[in-house]
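Below is one structure; the comments refer to it alone.
The values are calculated or read from the model by the stated rules, or taken from the named source; none is laboratory data. Treat the numbers as computed from the prediction; the structure is a model and nothing was measured. Cβ placement follows ideal geometry from the backbone for every residue including glycine, while neighbour counts extend to all protein chains displayed. Side chains are part of the model used for accessible areas, which takes the heavy atoms of the whole protein and leaves out ligands, DNA and RNA. Shrake-Rupley method; radii C 1.70, N 1.55, O 1.52, S 1.80 Å.
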Amino acid sequence: MIIPESILSKKETLFLDRDGVVNVWLPGDYVKSWDEFRFNPGFLDFIGRYSKEFKHIFIVTNQRGVGKGVMTLQQLEDIHARMLEAIAEAGGRIDRIYLCTATDDSDPMRKPNKGMALQAMQDFPDVTMERSLMIGDQPSDKAFADNCGMDFLLWE
């Protein structure tokens, strides 16, 4: 994926969805272990390239499988630790992973609600939504971006 220069030149912060962008999405299932995790084709090249372009890069991910008891938080943390290691080996970086394990869609942290973006702004006071870009693959990712007032690109 190529971010158009007209967008890139105006953005400092990149928000990324996980399932469907960083890794291959398993329709009707959850990635429950590192053995099931597969990077999306082109993602490692993408993150290696754009890590130099953005001041901050965050993953924002709904992980309802933990809330449903399909997997444990420890399993999820193991996946994320290995994912971050592989991203670093590819020359990329992720500054923070924000996640929501709630099963209730009204939870303020659950996309498309803007809780994860608000948390990022609290943790990194220089982050603004006007200078942020969200890349996702689902309508909820677009709705998250719209709710937050940031630009959106569909992962292709």
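Remark: the stretch 63-119 carries 51 Å² of accessible area per residue (probe radius 1.4 Å; ligands, DNA and RNA excluded). You can think of it this way: the chain between Arg131 and Asp104 has 6.8 nm of extra reach, that is 0.36 nm per residue less the Cα-Cα gap. P(r) tail, the stretch 2-156: Cα-Cα pairs separated by more than 28 Å, 13% of all pairs. Placing a pseudo-label 7 Å from each Cα along the Cα-to-Cβ vector at Asp35 and Lys10 gives an inter-label distance of 4.7 nm.
Please give me, ordered by residue number, the GluC sites (Glu not before Pro) of the stretch 1-50 that lie in loop per DSSP and have at most 16 other Cβ atoms within 10 Å.
Here the sparse-neighbourhood loop sites are Glu12.
Taking the charge dipole of the chain about its Cα centre, with +1 at Lys and Arg Cβ atoms and -1 at Asp and Glu Cβ atoms, the residue from Pro125, Leu26, Gly136 reaching farthest to the positive side is Pro125. For the stretch 67-151, the orientation-averaged shadow of the C-alpha convex hull comes to 6.4 nm² (one quarter of the hull surface). The magnitude of the dipole of the stretch 47-98, with charges of +1 and -1 set on the Cβ of Lys/Arg and Asp/Glu and taken from the Cα centre, is near 200 debye.
Ignoring the sites themselves, the chain has its longest run without trypsin sites (Lys or Arg not before Pro) in a DSSP loop having at most 13 other Cβ atoms within 10 Å at 69-156. Per DSSP helix of 4 or more residues, -39500 (n - 2.57); summed, then divided by the residues of the chain. What does that give at 222 nm, rounded to the nearest 500? Here the helix-only value at 222 nm equals -9500 deg cm²/dmol. For the chain, the share of accessible area belonging to carbon and sulfur comes to 51 percent (1.4 Å probe, ligands and nucleic acids excluded). The loop-placed GluC sites (Glu not before Pro) in the stretch 50-152, going by DSSP, that have at most 13 neighbouring Cβ atoms within 10 Å of their Cβ come out as Glu53, Glu130. Lysine pairs in the chain whose alpha-carbon atoms fall under 29 angstrom of each other, counting only those eight or more residues apart or on distinct chains, come to 25.
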